[in-house]
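Step one of this worksheet: look at the structure below.
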Amino acid sequence: MGPMSVEGAWEIVPTPHGDSRGTFLEWYRPDTVAAVTGMDFRPLLGGMSVSARGVTRGIHFADVPPGQAKYVTCVRGAVYDVVVDIRPGSPTYGQWQALRLDDTEHRAVLIGEGLGHGFCALTDDACVVYLCSQPYDPRRERVVHALDPELGITWPASDPVLSPRDAAAPTLRAAREQGLLPGYDAVRRDG
(Lines give C-alpha, C1' and ligand atoms only; values in the text may rest on other atoms or scores of the structure.)
Protein backbone atom coordinates (compact mmCIF):
# COMPACT_ATOMS: atom_id res chain seq x y z
CA MET A 1 0.00 0.00 0.00
CA GLY A 2 1.42 3.34 -0.97
CA PRO A 3 2.47 5.63 -3.80
CA MET A 4 2.78 4.38 -7.35
CA SER A 5 5.60 5.42 -9.69
CA VAL A 6 3.29 7.98 -11.34
CA GLU A 7 3.18 10.96 -9.01
CA GLY A 8 -0.35 11.50 -7.67
CA ALA A 9 -1.49 7.87 -7.75
CA TRP A 10 -1.59 5.37 -4.88
CA GLU A 11 -2.27 1.68 -4.53
CA ILE A 12 -4.60 0.75 -1.67
CA VAL A 13 -4.60 -2.82 -0.32
CA PRO A 14 -7.48 -3.62 2.05
CA THR A 15 -7.25 -6.27 4.73
CA PRO A 16 -9.75 -9.09 4.15
CA HIS A 17 -11.27 -10.91 7.12
CA GLY A 18 -12.43 -14.38 6.19
CA ASP A 19 -13.82 -17.52 7.72
CA SER A 20 -15.89 -20.49 6.56
CA ARG A 21 -18.79 -18.16 5.69
CA GLY A 22 -16.79 -16.01 3.28
CA THR A 23 -14.90 -12.72 3.42
CA PHE A 24 -15.50 -9.18 4.63
CA LEU A 25 -13.32 -6.18 3.85
CA GLU A 26 -13.54 -2.41 3.92
CA TRP A 27 -12.87 -1.55 0.29
CA TYR A 28 -12.98 2.20 0.95
CA ARG A 29 -12.37 4.17 4.14
CA PRO A 30 -11.71 7.91 3.96
CA ASP A 31 -9.43 7.85 7.00
CA THR A 32 -7.29 5.06 5.49
CA VAL A 33 -7.08 6.88 2.17
CA ALA A 34 -6.07 10.10 3.94
CA ALA A 35 -3.44 8.29 6.03
CA VAL A 36 -1.89 6.63 2.96
CA THR A 37 -2.14 9.53 0.51
CA GLY A 38 -2.43 12.72 2.53
CA MET A 39 -5.39 13.51 0.28
CA ASP A 40 -8.82 14.55 1.52
CA PHE A 41 -10.76 12.45 -1.00
CA ARG A 42 -14.51 13.00 -0.73
CA PRO A 43 -16.50 11.11 -3.34
CA LEU A 44 -19.49 12.82 -4.96
CA LEU A 45 -20.22 10.09 -7.51
CA GLY A 46 -20.20 6.32 -7.58
CA GLY A 47 -20.01 4.61 -10.95
CA MET A 48 -19.72 1.10 -12.35
CA SER A 49 -18.75 -0.41 -15.68
CA VAL A 50 -19.05 -4.01 -16.86
CA SER A 51 -16.75 -5.07 -19.71
CA ALA A 52 -16.16 -8.11 -21.88
CA ARG A 53 -12.66 -9.62 -22.08
CA GLY A 54 -10.41 -7.45 -24.26
CA VAL A 55 -12.43 -4.25 -23.88
CA THR A 56 -9.97 -1.41 -23.35
CA ARG A 57 -11.29 1.83 -21.88
CA GLY A 58 -9.42 5.13 -21.74
CA ILE A 59 -7.19 6.92 -21.33
CA HIS A 60 -9.81 9.19 -19.69
CA PHE A 61 -9.38 12.40 -17.70
CA ALA A 62 -11.31 15.56 -16.81
CA ASP A 63 -10.52 19.23 -17.27
CA VAL A 64 -8.76 20.98 -14.39
CA PRO A 65 -10.26 22.78 -12.60
CA PRO A 66 -12.03 21.09 -11.00
CA GLY A 67 -10.54 17.78 -12.19
CA GLN A 68 -11.81 14.42 -11.06
CA ALA A 69 -9.93 12.16 -8.67
CA LYS A 70 -11.00 8.50 -8.81
CA TYR A 71 -10.87 5.59 -6.42
CA VAL A 72 -11.11 2.45 -8.56
CA THR A 73 -11.45 -1.24 -7.73
CA CYS A 74 -12.64 -4.39 -9.51
CA VAL A 75 -15.40 -6.30 -7.73
CA ARG A 76 -15.91 -9.08 -10.31
CA GLY A 77 -13.31 -10.61 -12.60
CA ALA A 78 -10.02 -8.85 -13.32
CA VAL A 79 -8.67 -5.83 -15.19
CA TYR A 80 -5.25 -4.51 -16.18
CA ASP A 81 -5.53 -1.01 -14.73
CA VAL A 82 -3.32 1.81 -16.05
CA VAL A 83 -2.54 5.27 -14.68
CA VAL A 84 -0.86 7.73 -17.06
CA ASP A 85 0.74 11.06 -16.19
CA ILE A 86 -0.65 13.42 -18.82
CA ARG A 87 0.31 16.66 -17.01
CA PRO A 88 2.90 18.67 -18.97
CA GLY A 89 5.53 19.93 -16.53
CA SER A 90 5.22 16.93 -14.21
CA PRO A 91 8.40 15.01 -13.37
CA THR A 92 6.61 11.81 -14.47
CA TYR A 93 4.91 13.27 -17.59
CA GLY A 94 4.27 10.61 -20.23
CA GLN A 95 4.97 7.74 -17.83
CA TRP A 96 2.46 5.07 -16.94
CA GLN A 97 2.10 2.28 -14.43
CA ALA A 98 -0.19 -0.72 -14.55
CA LEU A 99 -1.47 -3.06 -11.89
CA ARG A 100 -3.96 -5.88 -11.77
CA LEU A 101 -7.22 -5.17 -9.99
CA ASP A 102 -9.35 -8.22 -9.31
CA ASP A 103 -11.96 -9.86 -7.09
CA THR A 104 -9.31 -11.96 -5.32
CA GLU A 105 -6.83 -9.46 -3.86
CA HIS A 106 -9.34 -6.55 -3.82
CA ARG A 107 -6.68 -3.90 -4.42
CA ALA A 108 -7.74 -0.40 -5.39
CA VAL A 109 -6.03 2.62 -6.90
CA LEU A 110 -6.55 6.28 -6.04
CA ILE A 111 -5.90 8.48 -9.07
CA GLY A 112 -5.40 12.18 -8.39
CA GLU A 113 -6.80 15.05 -10.46
CA GLY A 114 -5.10 15.55 -13.80
CA LEU A 115 -3.97 11.97 -14.31
CA GLY A 116 -5.25 9.72 -17.08
CA HIS A 117 -6.88 6.38 -16.38
CA GLY A 118 -7.72 3.34 -18.44
CA PHE A 119 -8.05 -0.41 -18.16
CA CYS A 120 -8.32 -3.60 -20.17
CA ALA A 121 -10.74 -6.33 -19.07
CA LEU A 122 -8.88 -9.59 -18.47
CA THR A 123 -12.09 -11.57 -17.93
CA ASP A 124 -15.62 -11.49 -19.30
CA ASP A 125 -18.04 -9.44 -17.21
CA ALA A 126 -15.23 -7.61 -15.41
CA CYS A 127 -16.99 -5.18 -13.10
CA VAL A 128 -15.11 -2.03 -12.10
CA VAL A 129 -16.51 0.41 -9.54
CA TYR A 130 -15.43 4.02 -9.20
CA LEU A 131 -15.78 6.63 -6.53
CA CYS A 132 -15.19 10.09 -8.03
CA SER A 133 -14.48 13.47 -6.46
CA GLN A 134 -16.68 15.26 -9.01
CA PRO A 135 -19.86 14.27 -10.83
CA TYR A 136 -19.59 13.21 -14.45
CA ASP A 137 -19.84 16.13 -16.87
CA PRO A 138 -19.42 15.22 -20.55
CA ARG A 139 -18.39 18.82 -21.36
CA ARG A 140 -15.25 18.40 -19.19
CA GLU A 141 -14.36 14.81 -20.12
CA ARG A 142 -11.31 14.17 -22.32
CA VAL A 143 -9.50 11.15 -23.70
CA VAL A 144 -6.03 10.27 -24.99
CA HIS A 145 -5.69 7.28 -27.32
CA ALA A 146 -4.93 4.13 -25.31
CA LEU A 147 -2.91 2.64 -28.19
CA ASP A 148 -0.67 5.71 -28.65
CA PRO A 149 2.69 4.19 -29.68
CA GLU A 150 4.62 6.98 -27.94
CA LEU A 151 3.00 6.02 -24.63
CA GLY A 152 3.83 2.39 -25.37
CA ILE A 153 1.35 0.86 -22.94
CA THR A 154 1.66 -2.92 -23.08
CA TRP A 155 -2.01 -3.86 -23.12
CA PRO A 156 -2.62 -7.59 -22.51
CA ALA A 157 -5.26 -7.94 -25.27
CA SER A 158 -4.04 -9.01 -28.71
CA ASP A 159 -6.89 -7.07 -30.35
CA PRO A 160 -8.17 -4.42 -27.88
CA VAL A 161 -11.82 -3.43 -28.28
CA LEU A 162 -12.23 0.36 -28.07
CA SER A 163 -15.36 2.50 -28.09
CA PRO A 164 -15.75 4.77 -31.13
CA ARG A 165 -14.92 7.79 -28.94
CA ASP A 166 -11.75 6.19 -27.54
CA ALA A 167 -10.69 4.96 -31.00
CA ALA A 168 -10.95 8.53 -32.37
CA ALA A 169 -8.99 10.08 -29.47
CA PRO A 170 -5.84 12.09 -30.10
CA THR A 171 -2.40 10.88 -29.13
CA LEU A 172 -0.77 12.41 -26.05
CA ARG A 173 1.35 14.65 -28.28
CA ALA A 174 -1.68 15.84 -30.28
CA ALA A 175 -3.71 16.45 -27.11
CA ARG A 176 -0.85 18.55 -25.73
CA GLU A 177 -0.59 20.53 -28.99
CA GLN A 178 -4.37 21.12 -28.88
CA GLY A 179 -4.14 22.43 -25.29
CA LEU A 180 -6.35 19.66 -23.91
CA LEU A 181 -4.06 18.42 -21.13
CA PRO A 182 -4.16 19.65 -17.54
CA GLY A 183 -0.97 21.48 -16.60
CA TYR A 184 1.03 20.18 -13.66
CA ASP A 185 1.07 23.58 -11.94
CA ALA A 186 -2.72 23.99 -12.32
CA VAL A 187 -3.30 20.58 -10.75
CA ARG A 188 -0.98 21.38 -7.84
CA ARG A 189 -2.73 24.74 -7.22
CA ASP A 190 -6.20 23.18 -7.30
CA GLY A 191 -5.31 19.91 -5.56
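Side notes on the structure shown:
- The residues of the stretch 63-103 expose, per residue, 32 Å² of accessible area to a 1.4 Å probe.
- Of the GluC sites (Glu not before Pro) found in the stretch 64-150, those that fall in a DSSP loop while having at most 11 other beta-carbon atoms within 10 Å are Glu150.
- Of all accessible heavy-atom area on the chain, the percent that carbon and sulfur account for (1.4 Å): 51
- When the trypsin sites (Lys or Arg not before Pro) in the stretch 79-183 are filtered for DSSP coil states and for at most 12 other beta-carbon atoms within 10 Å of their beta-carbon, the remaining sites are Arg139.
- Structure-based [θ]222 nm, the chain - -39500 (n - 2.57) summed over DSSP H runs of at least 4, per residue, nearest 500: -3000 deg cm²/dmol
- Backbone N atoms of the stretch 18-39 closer than 14 Å to the 7 Å Cα→Cβ label point of Arg100 are not found in any residue.
- Applying a DSSP loop filter and a limit of 12 other Cβ atoms within 10 Å to the trypsin sites (Lys or Arg not before Pro) in the stretch 1-86 leaves Arg21.
- Annotation: extensible slack from Val75 through Asp159 equals 27.8 nm (criterion: 0.36 nm per residue apart, minus Cα-Cα distance).
- Positive minus negative residues near Gln97 (Lys, Arg vs Asp, Glu; Cβ under 11 Å): -4
- The residues of the stretch 130-191 have, on average, 60 Å² of accessible surface per residue, using a 1.4 Å probe with all protein chains present.
- Calculated from the structure at hand, Rg and Dmax of the Cα atoms in Å is found among (i) 21.5, 79; (ii) 15.8, 44; (iii) 16.0, 56 as (iii).
- Of the residues Thr154, Thr37, Thr56, Thr32, the one with the largest accessible area comes first in the ranking Thr154, Thr32, Thr37, Thr56, computed with a 1.4 Å probe on protein heavy atoms.
The values are calculated or read from the model by the stated rules, or taken from the named source; none is laboratory data. Given the structure is predicted, the values throughout are model-derived calculations rather than measurements. No Cβ is skipped: glycine too gets one built from the backbone with ideal geometry, and neighbour counts run over all protein chains shown. With ligands, DNA and RNA removed, areas are computed over all heavy atoms of the protein, side chains included. Shrake-Rupley method; radii C 1.70, N 1.55, O 1.52, S 1.80 Å.
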